[in-house]
Amino acid sequence: MNAIVSVTEDWGIGYKGELLVRNRVDMQFFKNNTMGGTVICGQNTFESFPGGALEGRRNIVLSLDPSFEAPGIEVFASINDALNALHDTDSNDVWVIGGESIYRQLLPMCNRALVTKNAVQLTADAYFPNLDEDPTWHVESIEEGGVTKAGIPFSFVTYVR
């Protein structure tokens, strides 16, 4: 399984349900990597998508609300139920996409994390675990990404265990 995330220098990922850094290049990177695969997220993350289910991907949403449903998604109440639904899916094609609690629960099952690192520190209330401080993870590659329209430099860092 893989994780894919965009973080700030202190590993912030969101504030009040919104992404911290808007970046079209990163959005294309996300799309290119997850297309054709399965994405797993929590209900709040799913509800932040402007167009609903992500096209071209199997969308799995974790929710404790038994009445939650939306077109194009599969809803599960537990991580175990969601993972059981993936029994015949190649784990290399499964992408954990947020939010914070889903990352924290599923990151131990991931072998690769694609991290867009934004060279900025912003107010955040949701964080991704700092992989640089976790000895089980190491950097496999770093690719310079460029600079956002707001002038924030970013890079694409692949971590593996």
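Here the simple spin-label model places points 7 Å from the Cα toward Cβ, and for residue 32 and residue 81 these points are separated by 3.7 nm.
Straight-line reach from residue 149: taking Cα to Cα under 18 Å and skipping same-chain neighbours fewer than 8 places apart, the lysines in range are 117. If the chain linking residue 70 and residue 139 were pulled fully straight, counting 0.36 nm for each residue of separation and taking away their Cα-Cα distance, it would gain 21.1 nm.
Hey, of (i) 17.9, 62; (ii) 15.4, 47; (iii) 15.1, 43, which did the structure itself give for Rg and Dmax of the Cα atoms in Å when calculated? Label (iii) holds the value from this structure. The distance from the alpha carbon centre of the stretch 92-123 to that of the stretch 20-34 is 13 Å, rounded to a whole number.
For the chain, DSSP calls about 50 percent of its internal beta bridges antiparallel. For the stretch 2-160, a crude dipole built from +1 on the beta carbon of Lys and Arg and -1 on the beta carbon of Asp and Glu, taken about the Cα centre, is about 400 debye to the nearest 20.
Bear in mind that the values in this text are calculations on the coordinates, not laboratory data. Being a predicted model, the structure only gives us computed values, none of them experimental. Cβ: placed from backbone, ideal geometry, glycine included. Neighbour counts: every protein chain shown.
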